[in-house]
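Trainee: If you scroll down you'll find the structure; I have some questions about it.
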Amino acid sequence: MNGILRLLKSSVGKKYLMAITGTILALFVLGHMLGNLQYFFDARWINAYAHHLQHLPYGLLWVVRAVLFTTIVIHIVVGVLLTLHNVQARPGYEVEGTVQASLGSRTMIWTGLVLLAFATFHIFHYTVKNVQDFSSIPEVNYISSVTPEGLPVVETETVITPDGNGIIRPVATPNVQAIMKTGFSVTGYSLFYIFAVGMLMLHLSHGVSSVFQTLGLRNEVWRYKLNCLAWLYAVAVFAGFASIPVSVLIGKL
Amino acid sequence: MSNEGRSYTLRIWRQKNRNTPGKLVDYKVTNISPGSSFLEMLDLLNEDLVAKGEEAIAFDNDCREGICGMCSLTINGIPHGPERRTTVCQLHMRKFEDGAVITIEPFRAKPFPIVKDLVVDRSAFDRIIQAGGFISVRTGGVPDANAIAIPKDVADVAMDAAACIGCGACVAACKNSSAMLFTSAKASQLNRLPQGQAEKDRRVLLMISQLDKEGFGSCTNYGECQAVCPKGITLDHIAKMHRDYAVASFKNVFGKVL
Ligand code: HEM
Ligand code: FES
């Protein structure tokens, strides 16, 4: 117990927490981005994907949400603690000089706080759906598969009506593609999303390479390669996320 | 290159003592030879000041050949000035254009309180070394030089770490005032060698806890420390420290190191 306490109280232990939670979050945003790209395919793709996520077995959806929530809370609390401690340790110069520290590395707390604000907004916007009214977008029937001839197979469910009879009806699921399109057709929202994923890019451009250093998995040869890799990762995540609002905005022209 | 004397405007941090607030004061120097060192230029200014009956500017220095780690000036925001891998005592005025305005500040960090003007108290470093930057061996007869075989590449890396002169430029440059480059070099020079193995886990645990106690910031992997280090100590040593600390903490959680 003493050992754990010593580790958590130390600056290096806190950095391990940042690196582990940062890695989980960085992998999450990559997965999230890849999932989103299904927006560009037939509507069935992303709608089915969303349906699956919403109906994961064994309450896994809430397990994933709980893990992500804990991760982000740890990342934020420890990140803020470290930043406050670092600011305290530094009296500052009359003339500030920077030799090579990247923009991303110098703005971690600011890009992080923008991400926090954005994530909060984003959850109310598309998960809780109480920012914008999407209720006029009709639900669609959930299509579970396609026959060899290319005909959709509509998933059905049995529901018990109030008079005690069972009826079979198609499973209805939100038309996620239409919801995304409606959401992003508000120019202000789209621009905010693009700005936020830009900040995510900056955060990742330092973070993804920094993780390796924090966990001690980097040397002078790999450092420069990993810095490039981090930028590649960051730009890919940015391009993937931003492509959707950008395409909606272009469509409006 | 012309050998005519150059003139500079120096904006120098003056501070009476630890508890009095300081400020930048402007001084003019003229007829400075491009071949003179930065510290010689300050010597000339001090001679002038003393001749005028003013108080000389206090700054640390000793060997003036880049090996003792005493000199500690931040020039235009960069510890040890603009030239890479050079202590300020080895910096020459030919690096500064005639007529330049040069701001000179101490090595700033909360754990390095200012003693006077440009002199800071770096004894926090000594306490980090005392916490674990040593090996406890009984001294006896001189051991045979090759009694312990050490691979050349290992010895080279340990030697690179041992090049640290403990000047504190890494702390002064770090935007978090982190002492990880110094501490990791001091741990690494021992942890990499067979003689350092016995106390490796204790060493990293104790040195990091002392470093935290002194109030240094944490490492955000900016790389500013490596960029200003006059001895070219690299972030490799910090990565090694991060590794060693993880292993030591693991052992300390499940077993007993301390
Ligand atoms: C999806 C969102 C996020 C991702 C993918 C992410 C990812 C990362 C990664 C990979 C690191 C590098 C860790 C290391 O240096 O070892 C990091 C560091 C950091 N993050 Fe985040 N982060 C996210 C959200 C946030 C938020 C909301 C904050 C708000 C405070 C934040 C604040 C920080 C800070 C301050 C650091 C630097 C910590 C240090 O080096 O001392 N991040 N992040
Ligand atoms: S005075 Fe000794 S290193 Fe500069």
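Bear in mind that the values in this text are calculations on the coordinates, not laboratory data. What you are looking at is a predicted structure, and each value in this text was computed from that prediction instead of being measured. Note that each Cβ is placed from the backbone with ideal geometry, even for glycine, and that neighbours are counted across all protein chains shown.
Trainee: Step through the table entries B:Lys16/B:Lys213; B:Lys152/B:Lys251; B:Lys110/B:Lys213; B:Lys213/B:Lys251; B:Lys186/B:Lys231; A:Lys15/B:Lys240, compare each Cα-Cα distance with 18 Å, and write down the pairs that go over it.
Mentor: From the list (B:Lys16/B:Lys213; B:Lys152/B:Lys251; B:Lys110/B:Lys213; B:Lys213/B:Lys251; B:Lys186/B:Lys231; A:Lys15/B:Lys240), the Cα-Cα distance tops 18 Å for B:Lys16/B:Lys213; B:Lys152/B:Lys251; B:Lys213/B:Lys251.
Trainee: Next question, about the same structure. Mind pulling the angle between the C-alpha long axis of helix B:236-254 and the longest principal axis of chain B? Nearest 10 degrees, somewhere in 0 to 90.
Mentor: Tilt relative to chain B: about 40 degrees.
Trainee: Set the Förster radius R0 to 22 Å, insert the Cβ-Cβ distance between B:Asp43 and B:Ser123 as r into 1/(1 + (r/R0)^6), and round the FRET efficiency to 0.05.
Mentor: The computed FRET efficiency comes out at 0.30.
Trainee: What number results when the radius of gyration of region B:122-253, computed over Cα atoms, is divided by 2.2 N^0.38 Å?
Mentor: 1.04
Trainee: What GluC sites (Glu not before Pro) does region B:22-129 have in DSSP loop regions with at most 16 other beta carbons within 10 Å?
Mentor: In loop regions of region B:22-129 (DSSP not H, G, I, E or B), the sparsely surrounded GluC sites (Glu not before Pro) are B:Glu54, B:Glu55, B:Glu65, B:Glu83, B:Glu97.
Trainee: Working out 0.36 nm times the residue gap between A:Leu5 and A:Cys228, then minus their Cα-Cα distance, what length gain in nm do you get to one decimal?
Mentor: Between A:Leu5 and A:Cys228, full extension yields an extra 76.7 nm.
Trainee: For the protein assembly as shown, what does -39500 (n - 2.57) per DSSP helix run (n ≥ 4), summed and divided by total residues, give at 222 nm, in deg cm²/dmol to the nearest 500?
Mentor: After summing the helix terms and dividing by the residues of the protein assembly as shown, the value is -16500 deg cm²/dmol.
Trainee: Starting from the Cα-Cα distance between A:Val246 and A:Leu217, subtract it from 0.36 nm times their residue separation and give me the gain in nm to one decimal.
Mentor: Full extension of this stretch gives 6.7 nm more.
Trainee: I need the semi-axes of the equivalent ellipsoid of chain B: take the C-alpha gyration tensor, multiply each eigenvalue by 5, square-root it, list largest first in whole angstrom.
Mentor: Sorted largest first and rounded, they come to 39, 20, 16 Å.
Trainee: Taking K and R as +1 and D and E as -1, what net charge do the other residues with C-beta under 9 Å from the C-beta of B:Asp236 add up to?
Mentor: Summing Lys and Arg as +1 and Asp and Glu as -1 gives +1.
Trainee: Going by alpha carbons, how many degrees (0 to 90, nearest 10) lie between the helix axis of B:123-132 and the longest principal axis of chain B?
Mentor: So the helix axis and the longest Cα principal axis differ by about 10 degrees.
Trainee: Lone cysteines in the protein assembly as shown, going by a 4.7 Å Cβ-Cβ cut-off?
Mentor: A:Cys228, B:Cys164, B:Cys167, B:Cys174, B:Cys219, B:Cys229 - these cysteines have no disulfide-compatible partner (Cβ-Cβ under 4.7 Å) in the protein assembly as shown.
Trainee: As an exercise, find the ratio Rg/Rh for the protein assembly as shown from alpha-carbon atoms, using the Kirkwood inverse-distance average for Rh.
Mentor: 1.11
Trainee: Another one. Hey, could you pull the Cα Rg and Dmax for region B:1-97, both in Å?
Mentor: 13.6, 44
Trainee: Of A:Val114, A:Val95, A:Val235, which is the most mobile in a GNM of chain A whose springs link Cα atoms less than 10 angstrom apart?
Mentor: A:Val95
Trainee: What base-10 log of the normalised intensity I(q)/I(0) is obtained for region B:19-65 from the Debye formula, alpha carbons as equal point scatterers, at q = 0.13, 0.17, 0.18, 0.21 Å⁻¹?
Mentor: -0.36, -0.61, -0.67, -0.87
Trainee: Using the alpha-carbon centroid of each, what span in Å lies between region A:188-253 and region A:43-102?
Mentor: Answer, in whole Å: 14.
Trainee: Would you calculate the convex hull of the Cα atoms in chain A and tell me its volume per residue in Å³?
Mentor: Spelled out: Cα convex hull of chain A, divided by residues, is 214 Å³.
Trainee: What spacing in nm lies between the two simple spin-label points modelled at A:Ile20 and B:Ile135, each 7 Å away from Cα in the Cβ direction?
Mentor: In this crude label model, A:Ile20 to B:Ile135 measures out at 3.3 nm.
Trainee: Once the Cα atoms of helix A:108-122 and of chain A are each reduced to a long axis, what angle between those two axes, in degrees from 0 to 90 to the nearest 10, is obtained?
Mentor: The helix A:108-122 is inclined about 20 degrees to chain A.
Trainee: If contacts are Cα pairs under 8 angstrom and at least 6 residues apart, what is the relative contact order of chain B in percent?
Mentor: 19
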